[in-house]
Amino acid sequence: MFRFLFALSIGLLFVSPLFAADPPTLRGYHSNANRSDAWQGGVRMIPIHTPVGDFRVWTRRVGNNPRIKVLLLHGGPGATHEPFEVFDSFLPAEGVEYYYYDQLGSYYSDQPDDPKLLAIDRFVDEVEQVRQALGLDKDNFYLLGHSWGGILAMEYALKHQEHLKGLVISNMMSSIPAYNRYANDVLMPQLDPAALAELRRLDAAKDYANPRFEELLVPHYEQHFLRRPIAEWPEPVLRGFVKHLNRKVYVPMQGPSELGAGGVLADWDRTGELARITVPTLVIGAKYDTMDPAWMEMMSKRLPHGEYLYLRNGSHAAFYDDQDAYFAGLLKFLREVDGAR
């Protein structure tokens with residue numbers, strides 16, 4: 001019995017040995033020594049300078065790992081970090097340090113109402129200011145962007161990849177025009193014809209506040225956004241994408257729904273520049289995604305050091321509806337990049 005308890009106590013000192021060498025001890029991973037954010041649970045409100053004034057954005061650190069620090073860029077735009085809360089079920093056990101972050105205009109950050117702030121380049125500059133404030137660098141900095149966050153991650157890499165150790169583009173195509181073609185040619189025909197016609201009438205009238213607009217989109221969301229009945233959607237998803245969504249950011253940039261995109265993003269396309277992103281990059285796509293999985297596979301082949309993770313049971317929120325495969329693939333990528341240092 002003594003030998004068993006001794007062996008168990010030694011085993012509990014270490015997280016799973018996923019990464020190359022010297023995985024953090026359990027005590028080290030949860031240590032708050034010399035961390036100025038410890039007194040408020042890892043939360044920091046980071047000052048951000050913009051062309052129209054200075055504001056603050058919300059971040060929260062989880063864990064400690066000097067080699068593997070992942071900054072999470074949420075979707076939307078104008079949604080929140082909250083759907084990422086499921087990462088708590090997978091990353092701490094593997095010793096990954098990660099950062100939740102609400103972009104400017106999102107629920108936990110300042111929400112200035114100024115359309116001049118709704119520009120991709122300004123958001124990229126914001127991410128760089130956050131990186132600097134958090135002390136992330138090329139020896140430890142991984143950037144993971146989901147959906148709109150994937151656009152932001154690609155743009156950041158094109159401008160600042162010298163600071164990156166690795167990049168993850170989760171469920172996002174490199175071209176909004178191509179995404180809109182996929183939505184028009186593949187996704188819209190799957191809707192009931194009468195519902196689609198009514199949606200188009202409401203769209204033409206810009207009657208997006210009409211409850212009927214969202215009601216008609218429910219079958220699409222349950223098939224391609226998160227493959228569960230909405231009544232069963234995880235509470236963090238409902239908080240981040242419904243309750244706390246800032247439509248003053250979302251609609252002008254993305255458009256009124258996830259069935260295609262318009263607004264500021266309508267003409268965005270970086271496909272021809274993917275070859276410029278030379279850091280190790282994982283592209284994640286899913287069979288039932290709102291984004292074309294074949295296009296995302298193509299992206300991985302154009303990236304000089306790209307890999308593709310295809311999720312056969314997943315949709316746009318694949319870290320929920322195909323989460324075991326999602327996190328196994330993500331952690332494998334982090335392990336590979338860490339081992340190649």
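Laboratory data are not the source of any read-out in this text; all were calculated from the coordinates shown. Just so it is clear, the model here is predicted, and its values are computed rather than measured. Heads up, the Cβs are rebuilt from the backbone with ideal geometry, glycines too, and the neighbour counts pull from every protein chain shown.
Neighbour counts of other C-beta atoms within 10 Å: give me 49, 244 arranged from fewest to most. Walk me through the numbers before you get to the answer.
On the way: 49 10, 244 17.
Ranked by crowding around the Cβ, least crowded first: 49, 244.
Whole number please: convex hull volume per residue of the Cα set in the range 279-323, in Å³? Intermediate results must be reported in sequence, preceding the final value.
On the way: hull volume 2.6 nm³, N = 45.
Expressed per residue, the convex hull around the Cα atoms of the range 279-323 is 59 Å³.
Within the set 69/287; 69/165; 165/287; 165/332, which residue pairs have Cα atoms separated by over 19 Å?
Details: 69/287 29 Å; 69/165 9 Å; 165/287 28 Å; 165/332 15 Å.
Pairs exceeding the cut-off: 69/287; 165/287.
For the chain, restrict the atom set to alpha-carbon positions and state the Rg and Dmax in Å.
20.3, 74
Restricted to Cα positions, what overall size does the range 64-179 have along the principal axes? Three whole-Å values, descending.
Largest first, the range 64-179 extends 39, 30, 28 Å along its Cα principal axes.
Restricting the count to DSSP beta bridges whose residues both fall in the chain, what percent are antiparallel, rounded to a multiple of 5? Before the final figure, lay out the partial values.
On the way: 15 of 38 bridges.
The antiparallel fraction comes to roughly 40 percent.
Restricting to the range 49-101, what percent of DSSP beta bridges are antiparallel, rounded to 5? Don't skip to the answer; put the middle values down first.
Details: 6 of 9 bridges.
Of the beta bridges lying entirely in the range 49-101, close to 65 percent run antiparallel.
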